[in-house]
Amino acid sequence: MKFKNIFLSGLVAVSLLRVGPVRAQYYNGEEEEVRQILLDKEVRSLEMGQWYDNLDATVIIFGSKSLVDFQITVRNTGNQVLRNIEVKDRLPSYMDYVYGPGDYDASTKTVSWTIDEINPGVDRVFGLRARVQENDLPAGVSQLCNEVRGESDSGNADEDTACYYIGADAITIPDTGTPELLVGSIVLAG
């Protein structure tokens, strides 16, 4: 009788919970195809040795005509070759293009280039330089974010930004400055 009650209780519980049938997946020994792209955008001033995801205003505020360097890493994190990766980097307001890979469209402030292919686990690194405009900067301190987006022909895409600060009254970093001048070029928020 005890067994019958346990069996009936279990049957009621299964029907109430509507537990579906158990399904098994079979592994055929082949690795699943994964196409995945990862973009990483970093920023620094010319005098900084280290790259940063973002630069806080307590570290540096770029002034009129300051040069700003960006590093864009395009990484294939999948296990299949990625082909025809179109990369577009859009400069924010108050920035002028100096140089970088591909072609620059001044009307949209966009740098575009195509990477033929990237093998799995491989990184491709690109440099881009921009300059803070000389005139018509906003009053005070403003945060700018530089955006990059990449998409392969298979539709896999990623994007990233690097943010930093500019200021009309900030001390500029000279183009040919020495590391000793960096200390005088940093404006601390306070």
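For segment 21-171, with all protein chains in place and a probe radius of 1.4 Å, 41% of the accessible heavy-atom surface sits on carbon or sulfur.
Can you tell me the length gained on complete extension of the stretch Val34 to Ser154, counting 0.36 nm per residue apart and subtracting the Cα distance?
Working: separation 120, 0.36 × 120 = 43.20 nm, distance 1.10 nm.
Gain on stretching Val34 to Ser154: 42.1 nm.
In the full protein context, segment 85-149 carries 54 Å² of accessible surface per residue, based on a 1.4 Å probe and ignoring ligands, DNA and RNA. For segment 98-157, which GluC sites (Glu not before Pro) pass both filters: DSSP loop (anything but H, G, I, E, B) and at most 16 other C-beta atoms within 10 Å? Qualifying residues, ordered by number: Glu134. If the segment from Gln71 to Val125 were pulled out straight at 0.36 nm per residue, it would be longer than the present Cα-Cα gap by 18.8 nm. Maximal additional length on extending the Tyr99-Ala139 stretch stands at 11.7 nm, based on 0.36 nm per residue less the C-alpha distance.
The values are calculated or read from the model by the stated rules, or taken from the named source; none is laboratory data. Not measured: the values here are computed from a predicted model. Backbone-built Cβ (ideal geometry, glycine too); neighbour counts: all protein chains shown. Side chains are part of the model used for accessible areas, which takes the heavy atoms of the whole protein and leaves out ligands, DNA and RNA. Shrake-Rupley method; radii C 1.70, N 1.55, O 1.52, S 1.80 Å.
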